[in-house]
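My structure is below; once you've seen it, I'll send some questions.
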Amino acid sequence: MARKDRKQLTPVETIIMDAVWDLTEATVRNVKDHLEPTRPMAYNTVLTMLRILRDKGFLQTRRDGRSDVYRPVVTREQAAGRSISDVLERFFSGSAPALVSQLLESEHVSEDEIRAIRREVDRKLRATNR
């Protein structure tokens, strides 16, 4: 199967992107320090991952003295949308109802969460009927 041109985040890339999203912009040291309490990584690992993310188009850099400062080009929501689209195509043949059905059946979803999902569906229906 041919792979789409839209690049996806790996699990480790997602961790790095979460740090940059939290920090708004960051150096390698900033990201390393931010991750230290929950997910310590070597400086060179963080550097390599930031460069990969830049090359994939998720980050931009600017030079500040001797350091590169990274900032996101893609929002969390945009990255999530890409991932959802990928899951939808790969596992559900593009069927959103099948994805929602699987979510509701395979995960523990509280009544409050189901109501919140219903509110979002109703909001979307109202918006498309205008």
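The values are calculated or read from the model by the stated rules, or taken from the named source; none is laboratory data. Here the structure is a predicted model, which means the values were calculated and not measured. Cβ: placed from backbone, ideal geometry, glycine included. Neighbour counts: every protein chain shown.
Considering only the range 105-112, I want to know if a residue exists there that is under 24 Å from the mean Cα position of the chain (by Cα) and modelled with pLDDT of 90 or more.
Looking for residues that are under 24 Å from the mean Cα position of the chain (by Cα) and modelled with pLDDT of 90 or more, one finds none in the range 105-112, hence no.
What single numbered condition from (1) assigned by TED's automatic domain parsing to the domain that holds Met17; (2) touching a residue at least 12 places away in the same chain (Cβ under 8 Å) fails to hold for Thr61?
(2)
Something else: Kindly list, by first and then second residue, each pair from a residue in the range 78-89 that is modelled with pLDDT of 90 or more to a residue that is of a type in the set (Val, Ile, Thr), limited to pairs with Cβ atoms under 8 Å and residues at least 6 apart or on different chains.
Ala79/Thr14
Can you say whether Arg119 is charged (D, E, K, R), at pLDDT below 90 and not assigned by TED's automatic domain parsing to the domain that holds Val31, as far as the supplied structure shows?
For Arg119, the condition - charged (D, E, K, R), at pLDDT below 90 and not assigned by TED's automatic domain parsing to the domain that holds Val31 - is not met.
The conditions are (1) farther than 23 Å from Ile117 by Cα; (2) surrounded by 15 or more Cβ atoms within 10 Å (Cβ to Cβ), and Gln60 fails exactly one of them. Which is it?
That leaves (2) as the condition not met.
What's the number of the only condition in (1) farther than 25 Å from Leu103 by Cβ; (2) surrounded by fewer than 14 Cβ atoms within 10 Å (Cβ to Cβ); (3) at pLDDT 95 or above that Asp33 fails to meet?
Here Asp33 meets the rest and fails (2).
Having 3 or more residues that are touching a Leu at 6+ places or on another chain (Cβ under 7 Å) is the bar; report the helices (runs of 4 or more DSSP H) wholly within the range 22-130 that clear it. So that I can check it myself, show each step before the final result.
Working: elements: 28-35, 43-55, 76-92, 96-106, 111-128.
Helices (runs of 4 or more DSSP H) meeting the threshold: 28-35, 76-92.
Still on this structure, I have one more. For the range 3-24, state whether one or more residues are of a type in the set (Phe, Trp, Tyr) and within 23 Å of Asp86 (Cβ to Cβ).
Yes - at least one qualifying residue is present in the range 3-24.
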